[in-house]
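One structure below.
Only the coordinates and a few stated rules stand behind these numbers; no lab work does. Here the structure is a predicted model, which means the values were calculated and not measured. Positions of Cβ are backbone-derived with ideal geometry, glycine not excepted, and every protein chain shown enters the neighbour counts.
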Amino acid sequence: MATASSDPVFADGWDEGVMAVSAALVGIADRDWSTAGRPAGAVAELAVHIADMRQHKRVNLVRLETFVRETVLPRTHPNATQRRRVLETLGEAGGLCAARTVEMSSGDVIFCTREAGHYDPDDLPGWKRGRSSGSPGGWHLAGGSIWSDAGAACCPHAAV
């Protein structure tokens with residue numbers, strides 16, 4: 001399967017390619033079975049087996065998605081990188097902030113974990129207001145990192 005974050009045109013092309021390859025393999029198997037004197041019905045059995053395996057995969061993916069939605073997602077903190085990753089995997093990160101910054105010590109890119117439209121440069125974090133509430137105010141937040149768009153290594157806030 002194409003990844004959830006793939007462009008829909010790419011995903012459709014990916015699926016069509018997989019189906020074309022599967023059909024070609026069944027054709028090769030049919031030809032080989034026929035030339036070896038085996039009954040053509042065995043190829044039909046192979047096709048049924050392939051269809052059963054695909055259905056089994058789909059059922060398992062539905063079960064996994066249900067588990068993630070009902071069990072994993074409710075237990076993640078709203079402003080945690082893990083929640084963002086889960087939403088991206090489910091293809092539901094479209095409403096998240098796209099601001100990012102670079103952790104100078106490691107060079108890692110950090111994406112904001114809050115909703116698009118939250119950023120307000122005048123809503124200062126608690127530590128900027130002389131309080132240690134830990135509140136990010138309207139600034140960007142990812143794990144333990146809080147930053148504003150004024151930072152030299154960040155990209156301005158935008159919706160994904």
At R0 = 35 Å, FRET efficiency that the Cβ-Cβ distance of V62 and V109 yields, to 0.05: 0.60
Cα-based Rg / Dmax (Å) for segment 44-98: 16.0, 51
Separation of the Q55 and L25 label points, Cα + 7 Å toward Cβ, nm: 1.9 nm
Rounded, prolate or oblate (a/c below 1.5 giving rounded, otherwise prolate when a/b exceeds b/c) for segment 71-123 by Cα gyration tensor: oblate
Cut-off under 5 Å, modelled amide H: who pairs with L96 long-range: A116, V160
Förster radius 30 Å - calculated FRET efficiency between E45 and E92, Cβ distance, rounded to 0.05: 0.15
Segment W14-R75, extension gain: residue separation times 0.36 nm, minus the distance between their alpha carbons: 18.6 nm
